[in-house]
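Comments concern the structure below.
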Amino acid sequence: MAVNYCRQLRLYKDSVDSIHVFTSTLKHVPLQAICHVLFRNLTTLDVKSFQSTIDDSAVPLAVKKDTSVPLPPVYIPHFVEKDWYQWWLHKGYFTAETGQAATSNQEKFVLLLPPPNVTGVLHLGHALTISIQDALIRWHRMLGHKTLWVPGTDHAGIATQVMVEKMLWAMKKQTRHDLGRAEFVSTVQDWKQKKGSIIKEQMSKLGASFDWSKEFFTLDDRLSQAVTDAFINLHEKNKIYRDTQLVNWCCSLQSSISDIEVDNVKIDKPTKIPVPGYTDGVDFGILSLFAYPIEDSHEEVVVSTTRLETILGDTAIAVHPNDTRYTHLIGRKVWHPLCSRSMPIIADSFVDREFGTGVVKITPGHSYVDFEVARRHNLAVLSVIDDKGNIHGEAGESFIGMPRFLARNKVCLALKDLGLYRGEMPHDMMLPLCSRSGDVIEPLLKEQWFLNCKDLADQAIRVAENGELTFSAPHHKAVWFEWLRNARNWCLSRQLWWGHRIPAYNFQTEKGNVWIVARSQEDAVKKFCKQRPSCTYFSCSQDEDVLDTWFSSALLPFSVFGWPQETDNLREFYPLSLLETGRDILFFWVARMVMLGLELTGSLPFRHELRKKQGSMLQNKMKVETSCDKQSKYMNDGIPECGADALRFTLCSHDFKVDEIRVSVEHMKVNRFFCNKIWQAFRFVQQHLGADFVPLQQFKLSGKEDTVDLWILSRLSELVALCNASFISHDLQKAISSLHTFWLTYFCDIYLESCKGIFQQDDLELHQTVRHILYLIMHTFLRAMAPFMPFLAEELYQRLPMKGINWPESVCIASYPLSEEYPWRDETAENTMALVQNICNRILSKRHACHDLKSAIPVDLIVADQHLQANLKGCIRVIKRLTRADPVHITGPFSCSVDCEAIVITEKVHLLVHLQKQVDYSKELKRLSLKHNKILFSKEKVAAKLSKLQSTGKGHLSVTTKLQEKEASLQTELKTIVAAINSLKRILESKS
C-alpha cells in the first residue's frame, strides 16, 4: 500500500503577520529548534527540586529508568523523555526476528522510511513523516502483528555533492578538481558521517521505533552490490542501452539531471532571472520574431522563438500540412543567414496553425519535441551549445565561444543588421531551472546510459488495469496511466563523483571503442577477451559517471532485504505493507519502484496507492527571505521547547492528505499543556488509588455504578472504537481529536470533577468501584495514546499498579485497546448525561446573569418521568460539582415555585434555581442588547475586510483564514446572545 502524504507544511505564529515556512524553506526550521530550546513558559513552576533527576547523564542500556522517584508536580519533557529510548532498544522491542516464520494467524506490517538525504539535518517535513509512520508501526506492534520499520539515509548524489562543494569553496576556496576524485569522495564521506549521526540522534529523540539492526545507507556495500546486479540484469535483458540522446543538462553542475531536479517556473511577463555565471539578470518571457529568406525567391517566412540563441542550431522549418498559407512552400528551402546553410521546409501535423505565424523553427539538438521531429524526417541534429553553456560547433564563427545568453543578444543585433528582425512581444512560458543550482536547463545531446521504460511501463499499467495495484481515487489511476504511457526512456548517467559508479568499462582498440558491462574490471576484461579473442591490444577504463540516485532508491523495497540473494528477510518482509511518500516524488520513486519491482522480483513492492493533491513546491525567493525575516522577528529566541510527544501529537493532529498543512507554534504549546493535563490527572488518580490498590484481572461492573460511571465507560468504549477506525483508515487526526476530547471534555472536566467528593464519603464499596473505573480509564488511555506520545505513555504506564504476572513490561508491547474488550456503550447514560450537561449550562447561565457565582444555591429538578428521575439521581454529584449547586432535589410532577420561575429544559424536565440575588430582567435585557450591537458591528467590520481581501486577491492565506475564523466565532457568539435576549423577552412578557 502506497500512501502519499502532503509535504507542504506551513509553520505559523498566531498574529496578523503570520509566519509561513514551506517545504522548500523548512531547512530554515531544523528539528532542534523545536526539541532543544528551553520552554520559557515554565518560569512560574517549581521545578528546582527535580533538577537532579533531569541531568544529561546516560543510564546504562540494560537498566530500566527508576520510576520509584515521585513524579514532579508538572510535566517536564526532558524528565519524561530521558533514558526510555535506550532501554527500548536494549530490550529489542523494535527488532523483527528473522528466520522464524510468522504463525498462521500473525499478520505482518512492514514499513520503509523514505530515506532522508545526508545533505543536512532533519526538518519539520521529516518529523511529519516519522510521526505518521511511527504511530502506524506502534499501533500494529501493539496489535500483536509482526512489525518491521526499516530506517536509512540516501546518499543524494547531486544534492550532497553540491553542498560539499559549496562548503569546500567557502572554507578553503577549493573545488573538487583541486582535491581529485579520491580525496573529494573521502571528504563527502566525512560529511555523511557527521550529518548521518545527527540525523540518527534526531530520529531517536523523536522516539522512532526503527529496527536499527536493518539500517541502510544507499551507498553501503550490500546495497551497492544490489545496484550493480540490477544494472547488469537489465542490461542483459536489453533494457539498458547506451545512446546519444537529449538530456536535461545543468551547465552549472556540469551534469545531466532528472526531471525531479527541474523546477518549471511560470513566467507570465518579461522578467529578469538571475543565472549563475552572468553578472546581470537574463531576460525571459519575450517572444522574438524574425524572417528566414526562401531560396530562389523574394519571399520569406517569419518564425518566433523565446530562445533566440538556438536559431544557430536550426536545421529545418516546419508548417502544418493542411495550412493553405504555406502548402506551396513545402519541399522548398530557406537560407540561414547567420550560419550560411540551407534548410528544408517540412510538413508535420505537430505544428499549431493558430500559434504565432504558423511556422515553426526546428532545433533538434536543443529541444525534445524537435528531436522527435528530426527523427521522423531524417533531419540533421546539431549541437551548438557545449557542456559549459558556450556556443560551439556549426553555429557561425562570430558566435563561437560566447556564453549562450550573451550570444542571444548578439544574434538579435545581427538579425537587425540584416533587416530580418521583426520585433518582439511579451509571452507566457515555462522556464526550466535546476533546483540545485538555479541555472537554466539546457537540453543537450549526450552519450549516456538509458533504461528503456516501454515494457516496464506497460507492466505497471497492466497491474493497475487488472486491479492488482489499486488507487484511492479514480483520477489517480488516470494520472498513473497518462504518466506511464508518455514516460520517456530514463537517462541513468550522472556526471558526478558521489554515487554508484556505473558498472560499465570502455575498451579502446585500434578498431574503435567497445563498452562492456560487468561487476568488476577483471570480469569486464574476461568478457571482452571472450568476445574479441583476436584483439591483442586494448586499454580499459571504467565509466567516470555515476548512476541517478533514483535508480538505487527504486530498488530499496527489496534491496534492503538482501536482494538479489533469497534471504530470510526478503522472504519474510517483501513486499512492503505500506509506502509513505509525497506527491512530488510519486512517479520518480513510486512508479519506478513498481516498474523495477515487477521486472526484477516478479511482484509488486506494494498493492495500493493513496495520495492527495499537493501544491507547488517552488516558492519565490523573495517569499523565502520574507518568511525567514518574520521567523527572526517573532521567534528570535527559537521555538519554545514542547517536547517530542507534543510535537508528534501536533503533527499527527493534521489531515496530512490535504493540499497543505499549517503547523502552529501555539498549537504545539497547547499540546504541551495537554501533556501536563494528562500528567496532573494521572497524579490525581495515583493519589486516590493508593499504594495497596490491586487491579482486577478483567474489569467488570460491580453494580454500584451510577449514571455518571456508566456514561464515562460508554465514552471510553467509543474512544477505543474511534481510535482503531482512524488507524485503519489512516485518518490519524481523527484519533488525535478523539483522545483530546475524551481526556479534557469528558474525563477531566466532568468525570474527575464528579469524583472529587466521593473519597470523603464513608461508602468503601463505592470508593473501590470508582478506583477500578479510574484505573481502567488510565490504563486504556495510556495505551491508546502510546503510538502518538510514546515517552509520556511509558513514563506513566510504568507507574501504574501492575496486574498479574503476565503484565507487559513496556507500553510498547502492551496490547492496544480493542472494541470487543469495551462492551459498555450505553445510549441511556449518554442521553442522560447530555441532558445533565444542558442542565448545568442553564444553571451557570442563570448564575452569571445575576452575578451569583460563589454561593451554594438550592436547585430543584421537576421531572415528569419516574425512569428519568432515577437516571438523573445518579448524576446529582456531577451537577453539584460543576455548578456549586447544593442541595439538588429531584421531584415530580411539575409544580410552580413562588420564589423563582421555571426554566424549561425539555418537555419533561423543568429547572428551578433558587438564587439569593434576583435578576433585573429589564436591566439584563438592555445589557445584552448593547453587547449584541457591539458584536454585530465587529462582525460587519471583519466581513468587510475579508471581502476586500478576497476581491483584490491580496489576502495572505493565513490572514484570510484568521479573519474567517474570527467571523465564525462572532457569528456563534451572536447566536448565543440572540437566544438569551429572546428568552428574557419571553420572561418579561409572562410577567406583564
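Rolling a 1.4 Å probe across the protein heavy atoms gives region 418-489 an accessible surface of 48 Å² per residue. When you restrict to C-alpha pairs under 8 Å that are six or more residues apart and normalise by the size of the chain, the relative contact order lands at 15 percent.
Our helix-only sum for the chain, with -39,500 (n - 2.57) per DSSP H run of n ≥ 4 divided by its residues, gives a mean residue ellipticity at 222 nm of -13000 deg cm²/dmol. Matching the structure-derived Rg and Dmax of the Cα atoms in Å against the labelled list [x] 35.8, 122; [y] 58.9, 198; [z] 37.5, 127 gives the label [x]. Mind jotting down the distance between the C-alpha centroids of region 134-204 and region 675-692, whole Å? For region 675-692 versus region 134-204, the Cα centre distance is 43 Å. With a sphere of radius 13 Å drawn around the Cβ of Gly562, what net charge do the other residues whose Cβ falls strictly inside it have (Lys, Arg +1; Asp, Glu -1)? After counting each charged neighbour, the total is -3. Run the numbers on region 216-313 and let me know its relative contact order in percent, using alpha-carbon pairs under 8 Å that are six or more apart. This gives 12 percent for region 216-313. Averaged over residues, the count of other Cβ atoms within 10 Å places the peptides 565-574, 498-507 in the sequence 498-507, 565-574, highest first.
Give the residue list of trypsin sites (Lys or Arg not before Pro) in region 184-293 that are DSSP loop and have at most 14 other beta-carbon atoms within 10 angstrom. Taking region 184-293 and a limit of 14 other Cβ atoms within 10 Å, the loop trypsin sites (Lys or Arg not before Pro) found are Lys237.
With all protein chains kept in place, the per residue accessible area of region 276-329 amounts to 40 square angstrom at a probe of 1.4 angstrom.
Reported to the nearest whole Å, the Cα centre-to-centre distance from region 514-547 to region 720-798 is 68. Once each part is reduced to its C-alpha centroid, what is the distance from region 403-472 to region 341-392 in angstrom? Their Cα centres are 13 Å away from one another.
Sorting the segments 305-313, 73-81 by their residues' average number of neighbouring beta-carbon atoms within 10 angstrom, most packed first, yields 305-313, 73-81. Seen from Gly152, the other residues with C-beta closer than 9 Å to its C-beta sum to a net charge of -2, counting Lys and Arg as +1 and Asp and Glu as -1.
Solvent-accessible surface of region 806-851, taken per residue with a 1.4 Å probe and all protein chains present: 49 Å². When you filter the GluC sites (Glu not before Pro) in region 438-499 for DSSP loop state and at most 16 other Cβ atoms inside 10 Å of their Cβ, you are left with Glu468.
Phi angles across region 128-142 convert, under the Karplus curve 6.51 cos²θ - 1.76 cosθ + 1.60 with θ = phi - 60°, into 3J(HN,Hα) values of 4, 4, 5, 5, 5, 5, 5, 4, 5, 5, 5, 4, 5, 4, 6 Hz, Gly and Pro given as x. For the peptides 184-191, 294-301, residues were scored by their other Cβ atoms within 10 Å and the scores averaged per peptide; the highest-first order is 184-191, 294-301.
Taking every alpha-carbon pair under 8 Å whose residues sit at least 6 apart, region 313-420 reaches a relative contact order of 24 percent. Leaving out ligands, DNA and RNA, what percent of the accessible area of the chain is carbon and sulfur, probe 1.4 Å? Its accessible area is 51 percent carbon and sulfur atoms.
The values are calculated or read from the model by the stated rules, or taken from the named source; none is laboratory data. Owing to the predicted nature of the structure, the values given are computational and were not obtained by experimental measurement. For neighbour counting, all protein chains shown are included, and Cβ atoms are generated from backbone atoms with ideal geometry for every residue, glycine included. Keep in mind that these areas ignore ligands, DNA and RNA; they rest on the heavy atoms of the full protein, side chains included. Shrake-Rupley method; radii C 1.70, N 1.55, O 1.52, S 1.80 Å.
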